[in-house]
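The values are calculated or read from the model by the stated rules, or taken from the named source; none is laboratory data. Model, not experiment: these values are computed from the prediction. Cβ placement follows ideal geometry from the backbone for every residue including glycine, while neighbour counts extend to all protein chains displayed. Just the protein is used for accessible areas: all its heavy atoms, side chains included, with ligands, DNA and RNA removed. Shrake-Rupley method; radii C 1.70, N 1.55, O 1.52, S 1.80 Å.
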Amino acid sequence: MIKWIFRLLGAVVLVIIVAIGALFLLPGERVAQVAADQLRVITGRDVQINGDVSMTFWPVLGANVGGLEVGNAEWSEQGPMLTAENASIGVEMGPLLGGEIRITHIRAQSPTIRLQSKSDGRASWQFTDATGEAQIETETSPETERQALSIAKLEVTDATLIYDAEGADVISYSNVDLTLDWPDRDGPAKIDAKLEPAGTPVTLTADIAGFGAFLNGDPQVVDAVLRAGGGQATLIGDASLDGAVNGKLALNMPSTDGFLKALGLPGAALPAGLGQSVDLGADLTLTRDRALSLRNLVAGLGAGNALRGQVDVSLNGVPQVNASLNAGALDLKGLTQGSGGDASGSSSAGSGNASGGWSKAPIDASGLAAFNGRIALSADAIDLGSLRLGATDTVLTNDTSRMVFTLNNVVAYEGALAGEFVINNRNGLSVGGGLTGSSLQMQPMLSDLMGVNRLTGAANARMSFLGVGQSIHAIMNSLRGDGSLKIGRGTIQGLDLDRLMGSGTVGGGTTIFNELSATYDIQNGNLTNRDLLLSLASYEATGEGRVGLGAQDIDYIFTPRALKLGDGKGVAIPVRIRGPWAKPQIVPDLSAAIELNFEEEIKEIEQKAKEEVKKAEDKIKKDVEDKIKEELGNTLKNLFD
C-alpha cells in the first residue's frame, strides 16, 4: 500500500519535472498536457489533468496541480484508480541543478484511491507500458544513471482508501491523514497515519531504517505502533513491502471486541477469560502469503488465564489456527455464563429456587465464529463453572462455530474423566457431550453440578446429554440424555436409617451404605430414575422419582427396608424427598408405609370382608326367596280355596 502511494505521488513529481523542463517555453496548460502524456506512458492508464498547473520559482521551485485523475486497470469496474482535488510539490533549486531531485514537500488534498485485486494475482496497482515494464521516457540513454530522489515531507489529508479483494468484503477507509518525514534520502523515515474505519481514530506510527531501500523492496528494521479502540500493537523487527515480517510483537487489548471494531473488522464477543481482553508477547513471523507463526508466546486472556506455547495461523479468510498451548489454572466459566455476568438474576446451582434458578441472561456465543482449527491444551486445572477439572490433557477443535473439547486424560474429583464436551452455535446455541468417569468423589462433584452435598463415596459413572437454548436457564430446562451410576461404600448425610427404622422419625445423622447403583433418563430438563438400589448391612433401600435439573427441585421416594426382624419379615418406611435443591423436605410417607408393611394383612382383611359380604348377600338372597315363596304359596292357596 505505501509503495503504491509513493508511486502515484512520484507521478506528481514527474509533473513538476516536466514543468521545469518547459518552464520558460510553455504555458501551464501545455505543461499539464505534456505531464499527462508522460504519466500515460508510465502507467499504461488514461490520465487526465483537468485543472490548472500553477508554478512558483523562489525560494522553492514548485507546482500546484488540480483535478488529477488516473484510470484503473482495464478489467476493473471500480472507476478511476486515483482522483485528487489538489496536489502540490516543492523542489530545492540547488540540488536540482546538480542532477538530484530533492523534494521539500508533497501535499495531496482529499484524494480517493481505489485498489482492486483478483484471486488469479492481478492487481490494479500493477502498471505496465507497451513493453510490459513501466519506464519513464527521458532524453538520456537507458544506461544513464537514475537521478537521485528524496522526499523531505509528504502530507496527505482527508484521503479515501477503497480496497476490493476478490472473495472478501470491500474495505473502505475515509478521513485518512498520512505524514512522511524523510529528511535524508539514504536515512530513516518516520510515518504517521490516522484513519477512522469505524468512526473512532486509529493511529499508526512507524520508524523505518533505510527508507529508500525499503521502497525498493529490501527488508528494513521497522519500529511500529498501532493504536485502536483503547489498545495497541507494537512490532519491532524486519519488514518489507511484500508483507513479510519478522520480529517481536506486543499486543495489549483491554477490549478485543473494541480493538477489532475500531479497525473496521467484525467484533469478537469472546467469553471472559478467553480473549475478551488480551496482553500478549511473542516472536512473530508473517510470510508474504499471510501465514502467521507465533513462537515463545505468552498471552494473558483475562480472568487470570494465561497461555504459553506456539501458534500457526492462516490469515486468508476466516483464520485457520493450529496451536499447542500450556496453561496453569484455567478459568473457563465464561463459556457458560450469560454475557451480562452474574450480577442480574443469575445464580449458582447450589442457590436453589430461592434466588431465581438458573441465569436467564443471554449467552453470546458469536465468538465461536472467530476462527477454525485445532488447539492442543494442557492445564493444571480447568474450571468450567458447573464442573471443575484437575490436571488436563485436552484437544479443542472448532469448525464453523462448533467447538469440541475432547478430554483425553483428565483428573477430576480425585478420579478420572474421559469423553467430550461440545458447544455448537451453528443454528442456535446447544451444548452436549458424553462423559465417563471412574473413582469420582460424589460429594464435591454433585455440589458443583447440582448444589447437593449429602452423598459421599467414589463412583463410576456414565452420562450423555444435550441442551439447547440461548441461556443457561433454557439449556438446563431442555436437557435430554441418559446415564448410570455405581458407588461403592459411602454415606448419605442428613438421613439416619437406624433412627428412621427404629422410631419412624427423620432427622440428622448419617447412613453408611455398602453399595449404590442406578440408571436414569433425562427429558425436558427432568432426570427420572426408577431402579435405585442401596445396600446396607441390615437394610436395603430402593428409590424412584424425579430430579428437576431445570427447575432445581426434586420429588423422590426413597424406601429403606429392614432385612431381618424377629418374625422374619422386613419393615419398610418410605421417605419422600420433595422441594427445592437448597432446602428439600424429607418426611416419612406414612400412607405408603402402611401399604408396604401391612400388605398381606390388608389383603386378608379385604378377602374376609369379601367373604362376609358374600355370606350376607347369600343370606339376604335366600331370605328374599323364602319370603317370596311363602307369599306366593299363600296366594295360590287362597285362590283354590
Fill in the blank from the handout: Going through region 466-481 in order, the residues found to be under 14 Å from Ala365 (Cα atoms), of a type in the set (A, V, I, L, M, F, W, C) and not in a helix (DSSP H, G or I) are Val468
Problem - Residues (among the aliphatic types (A, V, I, L, M), under 25 Å from Lys360 (Cα atoms) and surrounded by fewer than 20 Cβ atoms within 10 Å (Cβ to Cβ)) located in region 405-433 - result: Val422
Handout entry: Qualifying position, being modelled with pLDDT of 55 or more, within 25 Å of Asp46 (Cβ to Cβ) and surrounded by 15 or more Cβ atoms within 10 Å (Cβ to Cβ), among Ile151, Ile103, Ile136, Ile89
Key = Ile89
Exercise for the section: Scan region 154-183 residue by residue and report those that are modelled with pLDDT of 80 or more, among the charged types (D, E, K, R) and either surrounded by fewer than 18 Cβ atoms within 10 Å (Cβ to Cβ) or part of a loop (DSSP other than H, G, I, E, B) (or both). Expected result: Glu155, Asp158, Asp177, Asp181
Exercise for the section: Please state which of the following conditions Lys486 fails to meet, knowing it meets all the rest: (1) out of contact with any Gly (no Cβ under 7 Å at 6 or more places or on another chain); (2) within 16 Å of Ile522 (Cβ to Cβ); (3) part of a strand (DSSP E or B); (4) open to solvent by 30 Å² or more (accessible area, probe 1.4 Å). Expected result: (2)
Handout entry: region 275-294 residues that are touching a residue at least 40 places away in the same chain (Cβ under 8 Å), paired with ones that are assigned to a loop (DSSP other than H, G, I, E, B) and polar (S, T, N, Q) (beta carbon under 6 Å, 6 or more apart)
Key = Arg290/Asn316
Handout entry: Verdict on Gly419 being within 17 Å of Arg388 (Cβ to Cβ), under 28 Å from the mean Cα position of the chain (by Cα) and not hydrophobic (A, V, I, L, M, F, W, C)
Key = yes
Exercise for the section: Enumerate the pairs (first residue in region 388-403 and on the phi > 0 side of the Ramachandran plot; second residue anywhere and at pLDDT below 90) with beta-carbon separation below 8 Å, excluding pairs fewer than 6 apart on the same chain, so at least 6 apart or on different chains. Expected result: Thr400/Ala369; Ser401/Ala365; Ser401/Leu368; Ser401/Ala369
Exercise for the section: May I ask you to list the residues in region 275-284 that are open to solvent by 30 Å² or more (accessible area, probe 1.4 Å) and under 13 Å from the mean Cα position of the chain (by Cα)? Expected result: Gln276, Ser277
Practice task
Would you check which residues across region 230-248 are at pLDDT 90 or above, of a type outside the set (Gly, Ala, Ser) and farther than 15 Å from Leu204 by Cα and list them?
Solution key: Asp238, Val245, Asn246, Lys248
Handout entry: Test for Gly199: is it farther than 30 Å from Leu384 by Cα and not aromatic (Phe, Trp, Tyr)
Key = yes
Exercise for the section: Could you check Asp52 against (1) closer than 21 Å to Arg122 by Cα; (2) at pLDDT 65 or above; (3) open to solvent by 40 Å² or more (accessible area, probe 1.4 Å) and say which number it fails? Expected result: (1)
Exercise for the section: Looking only at region 239-257, decide whether some residue is open to solvent by 30 Å² or more (accessible area, probe 1.4 Å) and among the hydroxyl-bearing types (Ser, Thr, Tyr). Expected result: yes
Practice task
Name the one entry in Asn316, Asn305 that is in contact (Cβ under 8 Å) with a residue 24 or more places away in the chain, open to solvent by 70 Å² or more (accessible area, probe 1.4 Å) and not aromatic (Phe, Trp, Tyr).
Solution key: Asn316
Exercise for the section: Answer yes or no as to whether Asp218 is acidic (Asp, Glu) and modelled with pLDDT under 90. Expected result: yes
Fill in the blank from the handout: Ala272 fails exactly one of (1) more than 21 Å from Asp380 (Cα to Cα); (2) buried (at least 16 other Cβ atoms within 10 Å of the Cβ); (3) of a type outside the set (Lys, Arg), namely (1)
Practice task
Could you look through region 434-483, keep only residues that are among the charged types (D, E, K, R) and free of Cβ contacts under 8 Å to residues at least 60 places away in the same chain, and pick out the one that is least open to solvent (accessible area, probe 1.4 Å)?
Solution key: Asp482
Problem - Whichever residue in region 517-541 is more than 30 Å from Val468 (Cα to Cα) and free of Cβ contacts under 8 Å to residues at least 24 places away in the same chain and, among such residues, is most open to solvent (accessible area, probe 1.4 Å) - result: Ala537
